[in-house]
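Trainee: Can you read through this structure? Questions will come right after.
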Amino acid sequence: MLQQAFNGLVGGAFYALLALGLSVIFGMLGVVNLAHGAFYMLGAFGAFVALDSFGLNFWLSLLLVPPLLGVAGIVLERLFIRRLTPLDPLYNFLFTFGLALILQDLVKREYGVSSQPYPRPPALDGTVDLGLFTYPAYQVFVLGVSVLMCVVVWVVLTRTRVGMIVRAATERPELTGALGIDVGRWVTPVFGFGIALAAFAGVLAAPMRAVNPLMGADLIITVFAVVVIGGLGSVFGSVAAGFAVGLVSALGNLYVPALSQILVFILMAVVLLWRPAGLFGREEAFR
Amino acid sequence: MILTRLARSGRGGWLLLAAGLVAAFALPWLIYPPVALDIACWALFAAAVDLLLGFTGLLSFGHAAFWGGSAYCTGLIALHTGLPFPVAIAGGAAFTALLALPIGFLSVRLSGIYFAMVTLAFAQMIYFVANQWRDVTGGENGLQGIPRELFGLDLSDSFFFYYAGLPFVLAGLFVAWRIVRSPFGRVLVSIRANPDRARALGYPVDRYKLQAFVLSAALAGTAGGVFAIGHGFASLEGVYWTTSGQAVMMVILGGIGTLWGGAIGAALIVQLQDFLATAGFAETGIITGSIFIVVVLLFRRGIWGTARHLLAARRTPAAPADVAAESRKSVDTPA
């Protein structure tokens, strides 16, 4: 059971990283990014292509692919998302839906639907003795790195000047602008950063999950449920909900296997019934 | 069928209604009959989505749950009871209305983008249920060999079945049109324009939204039922979230809040996909996604909306629905 719980936390790490990016982007731009799963998929494919065509190993991919896709995100924001942000947020939602379709099918056209193999980095090929059970070293690494990443983002948001500006701009854009801070200047890098986080999760997923064009499509909807549970726009809520949902679905898999996939959504329904704004959301965001 | 919207604004409307009906009846003569039936089904599906999006201000990104859920239910009834197919379709539509009740109850508590996300998530739940409940839904194989039973009539030719399925679509479109034109529909429009004011005027906003949601789901379910009988199968693709997206895409392409615009969107997208499939191009998402992006970026009024806008610019008094289109804009930029 402990091992299942650990599996759950590793799965939750991916939810948390994706939910974190989604949340930061939503907070800053008011955009719900349906293409977030597609960028996660592109991250995994980026690692695959880097190894396959350029011989770059996992560590270099982890370092290079997320910033590259982050830049792609910045271009995307500058060219398109920006035009739609003054309108009803639904338009950006629909825009990113179209984008997700295009990205998915472009990759499908190039590589087919079958999964591409990606080896684990040799340094993490073994297992780790965790006292009560042994566990694949790579999974331990994924969990550690994701937690570290979330902590770093949290520290940046709460302890630095940049984080202060981003938080202020997220919660009260007009007031922040009135205080002489150029909010618009921070929107683009935040979007790029969110995309880079999704790509980072994708590179991490490449050695342990099937690398195929549809890997992000199902995941992103589950991440939506996670974000609704945690409270949309609440950075802490989405990360906490990410790990919690991972844990719950792994334990659900152990006790009620038939419900393992839909447990997240049942959880979401309960949260909606009890606290429509999510566990850590602010009520004012609704209605 | 397609161009009946203007029916309410004067004499020209009756001409358009007649033209639309002629087009609906002539369709299987002009194009491959199964494609014609697909267009009719998607037209009703799009109208159901527009009833929420254009007239209540709710973007449901989870209507695949109703379209595909009804396809399964209709198929199961037809397969296991051997009842005539209209009964199966009615059963499927009733099932979707029931399914929409809890989903709608939870979803209408949120608005705007949150509503879209939550409906999307619930639809994904239905997808996972359909995927895992193999004994009933057939899992990845779906339901196959759904019969077209109608008192022993031979409807195996899809040309004839088109005319057996069309009445359901036309009836569904008529219902949608009646809803929009009714006092109930005017309340929905007022909720879209300004929920707070509607509430202040004493309308139970959430209950209206829920009723609209259930009605819309039942219409989508009717369309999905006809689709399932027409194809003889129900598959997982029907409940997948891209199906919801495709219906929304048709509405936007045709024009939000136009009801009939979705039919034009449906005709174009279904034809395009048929063309691409015949040409052996499997990755249709590249094309449809691009069209979607262009429409969202540059052509947000849609085809019908643009046509009406140009017409209204010529005539002095703006058509009432254009007022609706304008108030939608005021939602875009909160005053």
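The values are calculated or read from the model by the stated rules, or taken from the named source; none is laboratory data. Here the structure is a predicted model, which means the values were calculated and not measured. Backbone-built Cβ (ideal geometry, glycine too); neighbour counts: all protein chains shown.
Trainee: Can you tell me which of A:Gly246, A:Gly252, A:Gly194 is crowded, with 23+ Cβ neighbours inside 10 Å and within 30 Å of A:Leu2 (Cα to Cα)? It would help to see each step written out before you state the result.
Mentor: On the way: A:Gly252 fails: crowded, with 23+ Cβ neighbours inside 10 Å; A:Gly194 fails: within 30 Å of A:Leu2 (Cα to Cα).
Unique residue meeting the criteria: A:Gly246.
Trainee: Taking the stated definitions as given, is B:Ile264 under 28 Å from B:Val294 (Cβ atoms) and surrounded by fewer than 24 Cβ atoms within 10 Å (Cβ to Cβ)?
Mentor: On the way: under 28 Å from B:Val294 (Cβ atoms): yes; surrounded by fewer than 24 Cβ atoms within 10 Å (Cβ to Cβ): yes.
For B:Ile264, the condition - under 28 Å from B:Val294 (Cβ atoms) and surrounded by fewer than 24 Cβ atoms within 10 Å (Cβ to Cβ) - is met.
Trainee: Please determine, by comparing only the residues of the range A:82-93 that are surrounded by 23 or more Cβ atoms within 10 Å (Cβ to Cβ) and in contact (Cβ under 8 Å) with a residue 24 or more places away in the chain, which one is nearest to the other protein chains (Cβ to nearest Cβ). Even if it seems obvious, please write down each step before you answer.
Mentor: First pass over the range A:82-93, keeping only residues surrounded by 23 or more Cβ atoms within 10 Å (Cβ to Cβ): A:90, A:92-93.
Those left that are additionally in contact (Cβ under 8 Å) with a residue 24 or more places away in the chain: A:92-93.
Values: A:Asn92: 8, A:Phe93: 6 Å.
This residue is A:Phe93.
Trainee: Restricting to the range B:186-213, name every residue that is farther than 25 Å from B:Thr96 by Cα and more than 14 Å from chain A (Cβ to nearest Cβ).
Mentor: Here is the first cut: in the range B:186-213, the residues farther than 25 Å from B:Thr96 by Cα are B:190, B:193-203.
If the condition is that a residue be farther than 25 Å from B:Thr96 by Cα and more than 14 Å from chain A (Cβ to nearest Cβ), then B:Ser190, B:Leu201, B:Gly202, B:Tyr203 are the ones that fit.
Trainee: Residues B:Ala176, B:Ala220: which one is in contact with a His (Cβ under 7 Å, 6 or more places away or on another chain) and either within 26 Å of B:Arg300 (Cβ to Cβ) or of a type in the set (S, T, N, Q) (or both)?
Mentor: None of the other options fit; the residue is B:Ala220.
Trainee: For the condition surrounded by fewer than 24 Cβ atoms within 10 Å (Cβ to Cβ) and within 13 Å of chain A (Cβ to nearest Cβ), what is the one hit in B:Phe122, B:Phe105? Lay out the reasoning, then the answer.
Mentor: Values: B:Phe122 fails: surrounded by fewer than 24 Cβ atoms within 10 Å (Cβ to Cβ).
None of the other options fit; the residue is B:Phe105.
Trainee: A further question on this structure: When you go through B:Gly289, B:Gly285, B:Gly305 one by one, which is the residue that is part of a helix (DSSP H, G or I), within 12 Å of another protein chain (Cβ to nearest Cβ), modelled with pLDDT under 85 and within 22 Å of A:Phe93 (Cα to Cα)?
Mentor: Result of the check over B:Gly289, B:Gly285, B:Gly305: B:Gly285.
Trainee: Among all residue pairs at least 6 apart or on different chains, which show Cβ distances below 6 Å where the first residue, located in the range B:234-252, is within 10 Å of another protein chain (Cβ to nearest Cβ) and in contact (Cβ under 8 Å) with a residue 40 or more places away in the chain and the second is assigned to a loop (DSSP other than H, G, I, E, B) and not small (Gly, Ala, Ser)?
Mentor: Partner pairs satisfying both residue conditions: B:Ser244/B:Phe61; B:Ser244/B:His63.
Trainee: Then there is this: Going by the conditions given, is A:Ile229 under 19 Å from the mean Cα position of the chain (by Cα), surrounded by 24 or more Cβ atoms within 10 Å (Cβ to Cβ), within 14 Å of chain B (Cβ to nearest Cβ) and assigned to a helix (DSSP H, G or I)?
Mentor: Working: under 19 Å from the mean Cα position of the chain (by Cα): yes; surrounded by 24 or more Cβ atoms within 10 Å (Cβ to Cβ): yes; within 14 Å of chain B (Cβ to nearest Cβ): yes; assigned to a helix (DSSP H, G or I): yes.
Yes.
Trainee: Let me ask another. Would you check if there is a residue in the range A:48-63 being under 16 Å from the mean Cα position of the chain (by Cα) and either crowded, with 17+ Cβ neighbours inside 10 Å or within 14 Å of chain B (Cβ to nearest Cβ) (or both)?
Mentor: Looking for residues that are under 16 Å from the mean Cα position of the chain (by Cα) and either crowded, with 17+ Cβ neighbours inside 10 Å or within 14 Å of chain B (Cβ to nearest Cβ) (or both), one finds at least one in the range A:48-63, hence yes.
Trainee: Might you let me know whether the range A:128-136 holds any residue that is away from chain B (no Cβ under 11 Å), exposed (fewer than 14 other Cβ atoms within 10 Å of the Cβ), in contact (Cβ under 8 Å) with a residue 12 or more places away in the chain and of a type in the set (Phe, Trp, Tyr)? Full working, then the answer.
Mentor: Step one: filter the range A:128-136 for residues away from chain B (no Cβ under 11 Å), giving A:128-136.
Subsequent filtering for residues that are exposed (fewer than 14 other Cβ atoms within 10 Å of the Cβ) retains A:129-134.
Filter again for in contact (Cβ under 8 Å) with a residue 12 or more places away in the chain, leaving A:130, A:132-133.
Restricting the remaining residues to those that are of a type in the set (Phe, Trp, Tyr) gives A:133.
Yes: the range A:128-136 contains one or more residues that are away from chain B (no Cβ under 11 Å), exposed (fewer than 14 other Cβ atoms within 10 Å of the Cβ), in contact (Cβ under 8 Å) with a residue 12 or more places away in the chain and of a type in the set (Phe, Trp, Tyr).
Trainee: Enumerate the pairs (first residue in the range B:128-140 and within 11 Å of chain A (Cβ to nearest Cβ); second residue anywhere and among the hydrophobic types (A, V, I, L, M, F, W, C)) with beta-carbon separation below 7 Å, excluding pairs fewer than 6 apart on the same chain, so at least 6 apart or on different chains.
Mentor: Pairs that qualify, where the first residue is within 11 Å of chain A (Cβ to nearest Cβ) and the partner is among the hydrophobic types (A, V, I, L, M, F, W, C), are B:Phe128/A:Ile262; B:Val129/A:Ile262; B:Ala130/B:Leu236; B:Ala130/B:Val239; B:Asn131/B:Leu236; B:Gln132/A:Ala258.
Trainee: Would you say A:Leu143 is aliphatic (A, V, I, L, M) and within 14 Å of chain B (Cβ to nearest Cβ)? Lay out the reasoning, then the answer.
Mentor: Working: aliphatic (A, V, I, L, M): yes; within 14 Å of chain B (Cβ to nearest Cβ): no.
No, not satisfied.
Trainee: Follow-up question, since we're still on this one. Can you tell me which residues in the range A:94-117 are part of a helix (DSSP H, G or I), facing chain B (nearest Cβ under 10 Å) and either surrounded by fewer than 16 Cβ atoms within 10 Å (Cβ to Cβ) or hydroxyl-bearing (Ser, Thr, Tyr) (or both)?
Mentor: Filtering the range A:94-117 down to residues part of a helix (DSSP H, G or I) leaves A:94-111.
Filter once more, so that each one left must be facing chain B (nearest Cβ under 10 Å): A:94-110.
Scanning the range A:94-117 gives A:Thr96, A:Arg109, A:Glu110.
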